[in-house]
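Here is the structure we will look at.
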Amino acid sequence: MQQKNLSIMHPRPSSIVAALYTLRDLNVEVAILHGPPGCSFKHARLLEEDGIRVVTTALDENGFVFGGHDRLVDMLQKVEERFSPKRIGVVGTCVSMIIGEELHEAVMEANLDAPVIEVEVHAGYNDNTKGVLFALESALDVGIIDRQEFERQQHLLNEATNVEKKYGAASKEYLEPSRGDVKYTVAKRVIEMLKAGKKGICILNAKKETAYMFADITVALQEVAEKLGVEDNIVNFANLDTGLGLPRVRQHAEHILADMHDNVKIDEIIGGLDEYPIAGQQVRQLIEAKYKDFDFAVIAGVPHAIPMESLEGMELISITNGPRQVHPLKDMGHEHVLVEIDLHPKTLGVTNIVESEFGATVRQLAREE
Amino acid sequence: MNPQKRIAIYGKGGIGKSSTASNVAAACADEGYNVMIIGCDPKSDSSITLLGGKRIPTILDLLREGMEIEEEGDVVFEGYKAVKCVEVGGPEPGIGCAGRGIIVAIQKLKKISQSMKEMDLIIYDVPGDIVCGGFVAPIRKGLVNEAYVLTSGEYMPLYAANNICKGLSRINTKLSGVICNSRSVSREKEIVSKFANEIGSELVAFIPKEQIVQDCERDGYSVLEKAGGTDIAEVYRALARNIMSSDCAVDPRALTDERLRELTR
């Protein structure tokens, strides 16, 4: 027997939502939320921006009491009739799971042509990665992914959970949200270092689609370094391996690399866009082997997944999209921590790099030089 | 080897499901079968007579404390003739949701239990009537493939039994037989036989009301263990043999309330 981990006071990411995002990465065209109409509303809408339809069985008080089996069967049939999707997902909610709804029975009864990924999930898990895992298990059952990819994903999820517990938003009982340092001040410092001939590593270690904006920081630094004539002082790391991950995730890496085109040379690929929790090890080896004498590092995406030992002696500038990530990063020893507010909504449904506030600030300051 | 039997016993609360289940478990163990009994009632009294009156920690007790549970030593305990005993447990009366408790515990058990696979018979002693989704979790999660319904000849237990038949048809589960646990009411055997026939099933055992069952229970033992030479022990043995050899199950057709009243008049 083992005692459970610490309880977190602030609301955590939802496993239902995590399941929905995973279904999207599995190229599901329509996801049905079996539960109340308001469940996961904000993310359902965001996902629609990202090209997947999210519909709800809209269970009401009557549904809670009498069950929603028939509504789910109806909805499955309606979805097939109206959208003719090639792949469908059904996701549980707290309500439907508490009252013991069987997604599988409804799927059998609806008898559709398209494969249906059933995810029996509610939001009562401390690790929201459970939602991802359940979705992947079900995808494995219906033959959409193979065992090898499933095990790879499982490993990455465990690592992601570890990172969050050790250094992330699940590391403390309560974390005060923060907007981080002022971008203008930090941009000035970066330019100052570049002008002083200091050498910097720009690390993109981003989670999936968030890379569309974090990659802009790599691009902006490159532009500014070129302008100042010190482009040789910057090396670029990025987790943009196009051969790893679920279908949609590989595509993101391709889009971003294509958009960087000839402007930016990525010196070191440190894994795929789903490997952000483990890319730190590769960063560490690379730095030890080749870049030990560098003066500063700009890390965008999931900076807390990069081990501090590997960054020893460098001035750290980190950019995250989580306001609750600021304090943990400061505690780890990152001097400058910036938050790209509202990053996620801006990176859903895009296929090109999206301008970041920090990138824009660095560019503007460089112009004013 | 015969395929594994996984049965659930349903019936009105207080009608004697647990004592029937534990005596059947003991009788099957006497025959040399590997038996597991999973009590799903918050009272956790399914296994107590197999364990000499000792209560075991329930799955939900451990989950409540936030433990990561393992099978052996945590939730599966060996009782009379190596019968494996598990209790699901439940929340305090009036708090939380017992139905959800069953769902969670059953899922947990399914995940952690290796020994379940080695059993010849697994008996789910489920609570009372099928009142909500949670109470049918053992069936819905694919753990049970046959159901028995326990009743007496009184109107209320029959009403509950009839309701259970409705529930079973809804979840496409077959009924393997009706068991009468007698309350010594008039024309009892006749009434329950008739009920069983009309729903399309049959009366597989008539357990007479005898003080010895109560006495053994009070002492914390099954009839088979403490009073194995009695007639009533033989009734349980016959029922156990019937269960182990039965291969005829039906889709029960529930009666109308009117017909049910007529039967018991």
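Just one of A:362, A:350 is outside any loop (DSSP other than H, G, I, E, B) and among the aliphatic types (A, V, I, L, M); which is it? Going through A:362, A:350 in turn, the sole match is A:362.
Of the strands (runs of 3 or more DSSP E) lying entirely inside the range A:216-321, none contains at least 3 residues that are aromatic (Phe, Trp, Tyr) and closer than 19 Å to residue A:348 by Cβ. Filter the range B:55-87 down to residues that are more than 14 Å from chain A (Cβ to nearest Cβ) and in contact with a Leu (Cβ under 8 Å, 6 or more places away or on another chain) and give me whichever is surrounded by the fewest Cβ atoms within 10 Å (Cβ to Cβ). Here the answer is B:77.
Number of residues in the range A:29-53 that are within 19 Å of the chain's Cα centre (by Cα) and free of Cβ contacts under 8 Å to residues at least 60 places away in the same chain equals 8. Residues in the range A:107-127 that are within 12 Å of chain B (Cβ to nearest Cβ) and under 18 Å from residue A:79 (Cβ atoms): A:108, A:109. Taken together, the criteria exclude residue A:333 from residues that are at pLDDT below 95 and either surrounded by fewer than 22 Cβ atoms within 10 Å (Cβ to Cβ) or more than 23 Å from residue A:179 (Cα to Cα) (or both).
Residues of the range B:236-252 that are hydroxyl-bearing (Ser, Thr, Tyr) and assigned to a helix (DSSP H, G or I): B:236, B:245. Restricted to the range B:35-54, and to residues there that are more than 14 Å from every other protein chain (Cβ to nearest Cβ) and hydrophobic (A, V, I, L, M, F, W, C), the residue that is farthest from the chain's Cα centre (by Cα) is B:51. Take the residues in the range B:129-143 that are in a loop (DSSP other than H, G, I, E, B) and within 14 Å of chain A (Cβ to nearest Cβ), then tell me which one is nearest to residue B:203 (Cα to Cα). Restricting to residues being in a loop (DSSP other than H, G, I, E, B) and within 14 Å of chain A (Cβ to nearest Cβ), the top hit is B:130. With respect to the conditions (1) surrounded by 24 or more Cβ atoms within 10 Å (Cβ to Cβ); (2) out of contact with any helix residue (DSSP H, G or I) (no Cβ under 8 Å at 6 or more places or on another chain), residue B:32 lacks only one, and its number is (1). For residue A:203, indicate whether it is touching a Ser or Thr at 6+ places or on another chain (Cβ under 7 Å) and outside any loop (DSSP other than H, G, I, E, B). When the stated conditions are applied, residue A:203 does not pass them.
Of all residues in the range B:1-58, those satisfying the criterion of being in contact with a strand residue (DSSP E or B) (Cβ under 7 Å, 6 or more places away or on another chain) and farther than 26 Å from residue B:168 by Cα are B:29, B:33, B:50, B:51, B:56, B:58.
Residue check: is residue B:207 surrounded by 19 or more Cβ atoms within 10 Å (Cβ to Cβ) and under 17 Å from the mean Cα position of the chain (by Cα)? So residue B:207 fits the description; yes. As a summary of the residue check, residue A:99 satisfies the conditions (1) more than 30 Å from residue B:131 (Cα to Cα); (2) in contact with a helix residue (DSSP H, G or I) (Cβ under 9 Å, 6 or more places away or on another chain); (3) within 14 Å of another protein chain (Cβ to nearest Cβ) except for the one numbered (1).
Taken residue by residue, the range B:168-185 has at least one member that is within 14 Å of chain A (Cβ to nearest Cβ), assigned to a helix (DSSP H, G or I), small (Gly, Ala, Ser) and more than 16 Å from the chain's Cα centre (by Cα).
Residue by residue through the range A:103-119, note down the ones that are of a type outside the set (S, T, N, Q) and either more than 30 Å from residue B:96 (Cβ to Cβ) or surrounded by fewer than 21 Cβ atoms within 10 Å (Cβ to Cβ) (or both). A:104, A:105, A:107, A:108, A:109, A:110, A:112, A:113, A:114, A:115, A:116, A:117 - these are the residues of the range A:103-119 that are of a type outside the set (S, T, N, Q) and either more than 30 Å from residue B:96 (Cβ to Cβ) or surrounded by fewer than 21 Cβ atoms within 10 Å (Cβ to Cβ) (or both).
The values are calculated or read from the model by the stated rules, or taken from the named source; none is laboratory data. Given the structure is predicted, the values throughout are model-derived calculations rather than measurements. Reconstructed Cβ throughout: ideal geometry from the backbone, glycine too, with neighbour counts over all protein chains shown.
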